[in-house]
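The values are calculated or read from the model by the stated rules, or taken from the named source; none is laboratory data. For clarity, every value in this text was computed on a predicted model and none was experimentally measured. Cβ placement follows ideal geometry from the backbone for every residue including glycine, while neighbour counts extend to all protein chains displayed.
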Amino acid sequence: MTEPTILPRPTARPAPLIDPFQRPISYLRVSVTDRCDFRCVYCMSENMTFLPKADVLSLEELARLCNAFVDLGVRKLRLTGGEPLVRRNIMWLVRELGRRLDGGGLEELTVTTNGSQLARYAAELVDAGVRRVNVSIDTLDPDKFQAITRWGKLDKVLEGLEAADRAGLAVKINAVALKGVNDGELADMVRWCGDRGYDMTVIEVMPMGDVGGETRVDQYLPLSMVRAGLSERFTLTDIPYKTGGPARYVTVEETGGRLGFITPLTHNFCESCNRVRLTCTGTLYMCLGQDDAADLRAPLRASDDDTLLEAAVREAIARKPKGHDFIIDRRHQRPAVARHMSVTGG
Ligand code: SAM
Ligand code: SF4
């Protein structure tokens, strides 16, 4: 009698997450806290009411949720906030998720930060597997920096960047274009980034959440104008470079650096959207610019295995809308969505 052939057991791979418009969902952004040590004028009002701590998922629960998404085919995770690096014990979560890199399903783990805590954490981030960070800086003028962030200090952030450089972290600077505030300075920032070997992305201000006295019309500067202005100083060449995000990139011939434009208002970027956003309470937003969301906290807490959670994630992805409807003009003074950017982390 011949021995039965033992075939290798097929590893049951769950079907990937594909939305109704055939976009594969491979990128999860996680807002690990809605709290922040800054109060940027376009992001928050000075007197913010934050979520009650009791509503916020523990780091263990966030890790379980993120792991479930990686099991479902998510390949890129970005931790954001609020300010992710002010959450207590955040490095535990970073190290935990870092274990999914190098063959564990995850291809990239990144962080978006205001840089205030980077001097303390840069080396540890690298140690946990983070290779790139986005640092938000809208101006290199210390007084203006304080005016924009209300509570921030530019020198602390610059110290953080030094630490990132020493640790070998690749840095991309995010700058929100603000009419009459930093528009005259963006060319100098492009040069500064080029000199330091940083990529840079300019972002259009988005109408999210009430920010107090200022109106979006006052802040809004279309990037078509920014690009036209920069083109007078630099030779910008379109390139197909992609980081999995919505930015369209050019190279800046004079600096050799890369410059991205995120233009939700002047150029809708939804057709290639591969992402969903998880809040620190376990709410999943399928689109940054829409209110529809799914609660993942209840299925997460309802059982120790991930069957209910996976079903809830699939049901949510099946509702991902085609795109957002951001609009800023004098007739639309109210935010397009009521929640602040700090809830979903941008
Ligand atoms: N605190 C971190 C930081 O500032 O990088 C991470 C969270 S913050 C909400 C993520 C990004 O969203 C930052 O680059 C910030 O400048 C941007 N942002 C916040 N509110 C915005 C708005 N209303 N429109 C456009 N970008 C915004
Ligand atoms: Fe905080 Fe980032 Fe919002 Fe500024 S943009 S208030 S640093 S969350």
Pair list, Cβ < 7 Å and 6+ apart or interchain, from region 308-324 residues that are free of Cβ contacts under 8 Å to residues at least 24 places away in the same chain to residues that are part of a helix (DSSP H, G or I) and among the small types (Gly, Ala, Ser): Leu308/Ala302
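Taking into account only those residues within region 88-137 that are among the β-branched types (Val, Ile, Thr) and not in a strand (DSSP E or B), which is farthest from ligand 1 (Cβ to nearest atom)?
If we filter region 88-137 for residues that are among the β-branched types (Val, Ile, Thr), which is where we start, we get 90, 94, 110-113, 126, 130, 133, 135, 137.
Next, only the ones that are not in a strand (DSSP E or B) stay: 90, 94, 126, 130, 137.
Details: Ile90: 12, Val94: 15, Val126: 18, Val130: 14, Ile137: 9 Å.
Here the residue is Val126.
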Scan of region 68-90 for residues that are among the basic types (Lys, Arg), away from ligand 2 (no atom under 16 Å from the Cβ) and in contact (Cβ under 8 Å) with a residue 60 or more places away in the chain, ordered by number: Lys76
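Restricting the search to region 65-84, which residues are assigned to a helix (DSSP H, G or I), more than 17 Å from Thr281 (Cα to Cα) and of a type in the set (A, V, I, L, M)?
The first filter runs over region 65-84 and keeps only residues assigned to a helix (DSSP H, G or I), leaving 65-71, 84.
Pick out the ones that are also more than 17 Å from Thr281 (Cα to Cα) and you get 70-71.
Correct list: Val70 only.
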Scan of region 16-44 for residues that are of a type outside the set (A, V, I, L, M, F, W, C), assigned to a loop (DSSP other than H, G, I, E, B) and away from ligand 2 (no atom under 14 Å from the Cβ), ordered by number: Pro16, Asp19, Pro20, Gln22, Arg23, Ser26
Residue in region 169-208 that is modelled with the highest pLDDT, counting only those that are over 22 Å from Tyr121 (Cβ atoms) and β-branched (Val, Ile, Thr): Val190
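Considering only residues of region 236-256 that are at pLDDT 80 or above and of a type in the set (D, E, K, R), which is nearest to Val32 (Cα to Cα)?
Step by step, filter region 236-256, then rank; the result is Arg248.
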Residues satisfying the stated conditions in region 51-65, i.e. buried (at least 16 other Cβ atoms within 10 Å of the Cβ) and either in contact (Cβ under 8 Å) with a residue 60 or more places away in the chain or within 16 Å of ligand 1 (Cβ to nearest atom) (or both): Val56, Leu57, Glu61, Leu62, Arg64, Leu65
Count - residues of region 102-125 that are buried (at least 18 other Cβ atoms within 10 Å of the Cβ) and not small (Gly, Ala, Ser): 11
Residue among Arg132, Arg120 that alone is more than 24 Å from Ile203 (Cβ to Cβ) and either more than 12 Å from ligand 2 (Cβ to nearest atom) or in contact with a helix residue (DSSP H, G or I) (Cβ under 7 Å, 6 or more places away or on another chain) (or both): Arg120
Condition met for Leu259 (at pLDDT 95 or above, buried (at least 21 other Cβ atoms within 10 Å of the Cβ) and either more than 16 Å from ligand 2 (Cβ to nearest atom) or of a type in the set (S, T, N, Q) (or both)): yes
Hey, Arg314 in contact with a Leu (Cβ under 9 Å, 6 or more places away or on another chain), basic (Lys, Arg), part of a helix (DSSP H, G or I) and at pLDDT 90 or above or not: yes
Selection from region 177-200 of residues that are in contact (Cβ under 8 Å) with a residue 60 or more places away in the chain and part of a helix (DSSP H, G or I): Val190, Arg191, Cys193, Gly194, Asp195
Pairs where the first residue, in region 152-176, is under 24 Å from Met44 (Cα atoms) and in contact (Cβ under 8 Å) with a residue 24 or more places away in the chain and the second is within 15 Å of ligand 2 (Cβ to nearest atom) and of a type in the set (D, E, K, R), C-beta under 6 Å, 6+ apart: Ala175/Asp138; Val176/Asp138
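Just to check your reading of the model, which residue among Gly197, Gly152, Gly168, Gly129 is crowded, with 22+ Cβ neighbours inside 10 Å and more than 23 Å from Thr263 (Cβ to Cβ)?
Working: Gly197 fails: crowded, with 22+ Cβ neighbours inside 10 Å; Gly168 fails: crowded, with 22+ Cβ neighbours inside 10 Å; Gly129 fails: crowded, with 22+ Cβ neighbours inside 10 Å.
Going through Gly197, Gly152, Gly168, Gly129 in turn, the sole match is Gly152.
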